[in-house]
Amino acid sequence: MSLINPTPGELLDRKTILRLKIEVGRRQKLGVAHFEEELRLIDAALSDWLQKDADASRQLFAEGEKGLAEVNQKLWHAEDEVRGTPTTDKNRLAELAKLIPELNDHRAALVQRVNGLFRVAQAEKIYR
């Protein structure tokens, strides 16, 4: 994500991640004010994108948000599972090692789809 000019897909992706962090932080009774402030800034930036581009489908935007929330939730759980899996369970770790990049690829495709609603073309994933 570019710090100066993030795309709408990057903003929406970050928004869904912040919601997860806020939810978990509150459950664990941790401070989440900095996440909530960032979320407010992201919501304002997304509002600007939506106002600038009245042609962008709100329904497809909402579907992108839902998809990103789901894939980021799965990533969160998979990464937690990696942290909690003993190194002796090599089969499960191998499964998770395959799952996480697949989820990240799906996430990147969703970011691109959201960007496409605003006619923003920017590569998300580059492989060697």
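The values are calculated or read from the model by the stated rules, or taken from the named source; none is laboratory data. These numbers were taken from a predicted model, which means no experiment stands behind them. Here Cβ is always computed from backbone atoms with ideal geometry, including for glycine, and neighbour counts include all displayed protein chains.
When you scan the range 58-69, do you find a residue that is out of contact with any Cys (no Cβ under 9 Å at 6 or more places or on another chain), at pLDDT below 95, under 30 Å from Val120 (Cα atoms) and not in a helix (DSSP H, G or I), even just one?
Looking through the range 58-69, none of the residues is out of contact with any Cys (no Cβ under 9 Å at 6 or more places or on another chain), at pLDDT below 95, under 30 Å from Val120 (Cα atoms) and not in a helix (DSSP H, G or I).
From (1) under 14 Å from Glu10 (Cα atoms); (2) surrounded by 15 or more Cβ atoms within 10 Å (Cβ to Cβ), pick out the condition that doesn't hold for Ala121.
(2)
Just to be sure before I move on: is Arg26 within 16 Å of Pro6 (Cβ to Cβ) and part of a helix (DSSP H, G or I) in the structure I sent?
Numbers: within 16 Å of Pro6 (Cβ to Cβ): no; part of a helix (DSSP H, G or I): yes.
Taking the combined requirement at face value, the residue does not satisfy it.
Restricting attention to the range 58-81, report how many residues are over 17 Å from the mean Cα position of the chain (by Cα) and surrounded by 11 or more Cβ atoms within 10 Å (Cβ to Cβ). Even if it seems obvious, please write down each step before you answer.
As a first pass, look at the range 58-81 and keep what is over 17 Å from the mean Cα position of the chain (by Cα): 58-59, 81.
Narrowing the set further to residues that are surrounded by 11 or more Cβ atoms within 10 Å (Cβ to Cβ) leaves 81.
Qualifying residue count for the region: 1.
Testing Ile100 on (1) β-branched (Val, Ile, Thr); (2) surrounded by 14 or more Cβ atoms within 10 Å (Cβ to Cβ); (3) part of a loop (DSSP other than H, G, I, E, B), one condition comes back false. Which one is that?
(3)
Do we find that Gly116 is under 21 Å from Glu10 (Cβ atoms), free of Cβ contacts under 8 Å to residues at least 40 places away in the same chain and either in contact with a Cys (Cβ under 6 Å, 6 or more places away or on another chain) or among the small types (Gly, Ala, Ser) (or both) in this structure? Walk me through it before giving the result.
On the way: under 21 Å from Glu10 (Cβ atoms): yes; free of Cβ contacts under 8 Å to residues at least 40 places away in the same chain: yes; either in contact with a Cys (Cβ under 6 Å, 6 or more places away or on another chain) or among the small types (Gly, Ala, Ser) (or both): yes.
So Gly116 fits the description; yes.
Quickly run through the range 80-96 and pick out the residues that are among the aliphatic types (A, V, I, L, M) and under 22 Å from Leu20 (Cα atoms). Please lay out each step first, then the result.
Pass one, the range 80-96, residues among the aliphatic types (A, V, I, L, M): 82, 93-94, 96.
Result: Val82, Leu96.
Conditions: (1) assigned to a helix (DSSP H, G or I); (2) at pLDDT 95 or above; (3) over 15 Å from the mean Cα position of the chain (by Cα); (4) not polar (S, T, N, Q). Gly31 meets all but one. Number of the miss?
It is condition (1) that Gly31 fails.
Go through the range 25-40 and report how many residues are surrounded by 13 or more Cβ atoms within 10 Å (Cβ to Cβ), free of Cβ contacts under 8 Å to residues at least 24 places away in the same chain and of a type in the set (A, V, I, L, M).
Of the residues in the range 25-40, 1 are surrounded by 13 or more Cβ atoms within 10 Å (Cβ to Cβ), free of Cβ contacts under 8 Å to residues at least 24 places away in the same chain and of a type in the set (A, V, I, L, M).
Can you name every residue in the range 34-57 that is small (Gly, Ala, Ser) and not in a helix (DSSP H, G or I)? Outline the logic, then answer.
Looking only at the range 34-57, we keep the residues that are small (Gly, Ala, Ser), and these are 44-45, 47, 54, 56-57.
Within the range 34-57, Ala54, Ala56, Ser57 meet the criteria.
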